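Right, one structure below, let's go through it.
Nothing in this text is a laboratory measurement; each read-out follows from the coordinates by a stated rule. Since the model is a prediction, treat every value here as computed from it, not as a measurement. Here the Cβ positions follow ideal geometry from the backbone for every residue, glycine too, while neighbour counts run over all protein chains shown.
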Amino acid sequence: MPRRVCRWCVTAALLVAPPALAEEKPVTPETLAVLNAAAGNASCLIEANRIIKLSSQVQGTLSDVSVRRGDRVRKGQVVASLDSEVEAAQVESLRLKAGNEALIASKRAVKATLKDTLDRQQTLNKRGAASLQQMQKAEMDYVLANADVEQALLDQQLARIDLKRAEAALVRRNLRAPVDGVVTQVALDPGEFADPQQMAMEIAETAVLRVELYLPLEAFPLVKVGMAATIAPEAPIGGAYPATITSKDGQIDSASGLFQVQFELANPDGVVPGGIRCTARFEPAKN
């Protein structure tokens, strides 16, 4: 007997089925021509990849600020320091304690002596020349000496852990540049109080730049992440720099009918500053 089909179920399934995704068109010379025509009239802006508001990891008084606005900095470079005399003294004290082998050597010497005593008492006991109580006392003394050695080794290990903790705390007294870039603002001077809630300085990452290009709706299906382009900064900077699309908006701005495409532009020497306008030209894919 044939199965009956639920017409309502089929209709509901069609209503809730997701629409087919629009296929991205292949990159052809015609596609590039359309994109470059759109890019020629588009707003294009070069920005720093990130603007980082740097603050101290811990509270304290600034003893030194080694950079000024406009200075170029490298990732990991110390740009400011908190007063750290107490922390430095603690590190030195723990370093001496962690490296001291005298107590361990002394405990090991006592252990060796008591081992000899135990061996002698065991031999004498076998010959009947020493009592069981004497041998048991020698055994107990040796066990305690061995525990003393283990405790001394543990104390040294703990001292080394304390040293690492103190060294980490000392390192946290320094403010380091998190990226290669340019100092765009210095908010605190030596002698002022710094804490994690207060910005000490602002650094713009310029080794990599972000290019923002606003294209019209017609270009949306033509743009793909990974496409290559040449970015030309406005005069007097000038020049032409290769860039790659890293993202595109997932929706169109209803008011303007535009969507944003972002490029990544390598700028290791800092030749191109952020905050300037540009033009973009899409390039064919390299085989």
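So what is the diffusion coefficient of segment 89-219 in µm² per second by Stokes-Einstein at 4 °C and 1.567 mPa s, using a Kirkwood Rh over Cα pairs? Could you put the intermediate results ahead of the total?
Values: Rh = 21.3 Å.
Roughly 61 µm²/s, to the nearest whole number.
In nanometres, what is the gap between the two model label sites at SER55 and GLN185, each 7 Å from Cα along Cα-to-Cβ?
The answer from the label model is 1.3 nm.
How many angstrom lie between the C-alpha centres of segment 54-78 and segment 185-257?
24 Å
Only one of the listed values, (i) 18.0, 57; (ii) 24.3, 98; (iii) 35.8, 109, was derived from the coordinates as Rg and Dmax of the Cα atoms in Å; which label is it?
Computed from the coordinates, Rg and Dmax of the Cα atoms in Å corresponds to (iii).
Can you tell me the FRET efficiency between LEU154 and ARG95 if r is taken as the Cβ-Cβ distance and R0 is 25 Å, rounded to the nearest 0.05?
Once the sixth-power term is evaluated, E becomes 0.85.
Over the chain, what is the relative contact order in whole percent, taking alpha-carbon pairs under 8 Å and six or more residues apart? Could you put the intermediate results ahead of the total?
Numbers: 502 pairs, mean separation 89.5, N = 287.
Relative contact order here is 31 percent.
Take the eigenvalues of the Cα gyration tensor for segment 48-116, scale each by 5, and report the square roots as semi-axes in whole Å, largest first.
Taking √(5λ) for each eigenvalue gives 48, 14, 10 Å, largest first.
Report the local net charge at LYS75: Lys and Arg +1, Asp and Glu -1, summed over other residues whose C-beta lies under 13 Å from its C-beta. Each step should come with its number before you reach the end.
Details: positive: ARG50, ARG72, ARG74, ARG176; negative: ASP180, GLU205.
Overall, the nearby charge balance is +2.
How high is the relative contact order of segment 37-91, in percent, counting Cα pairs under 8 Å that sit 6 or more residues apart? If you can, show how the numbers build up before the last one.
Numbers: 23 pairs, mean separation 17.4, N = 55.
It comes to 32 percent, rounded to a whole number.
Just how many % of Cα pairs in segment 173-269 lie over 21 Å apart, if you round to the nearest whole percent?
Numbers: 2482 of 4656 pairs.
Percentage above 21 Å: 53.
Note the per residue figure in Å³ for the convex hull of the C-alpha positions in segment 198-247. If you can, show how the numbers build up before the last one.
Details: hull volume 7.4 nm³, N = 50.
Hull volume over Cα atoms, normalised by residue count, gives 149 Å³.
Determine the shape class of segment 149-230: with a ≥ b ≥ c the square roots of the Cα gyration tensor eigenvalues, call it rounded for a/c under 1.5, and otherwise prolate if a/b is greater than b/c, oblate otherwise. Could you put the intermediate results ahead of the total?
Numbers: a/c = 4.73, a/b = 2.08, b/c = 2.27.
Oblate shape, in that a/c is at least 1.5 and b/c is the bigger or equal ratio.
Evaluate the distance, in nm, between pseudo-label points positioned 7 Å from the Cα of GLU139 and of ILE237 along their respective Cα→Cβ axes.
Each label point lies 7 Å from its Cα, and together they span 8.4 nm.
On a 0 to 90° scale, report how tilted helix 102-127 is relative to the longest principal axis of the chain, with both axes built from alpha carbons and the result rounded to the nearest 10.
The answer is roughly 50 degrees.
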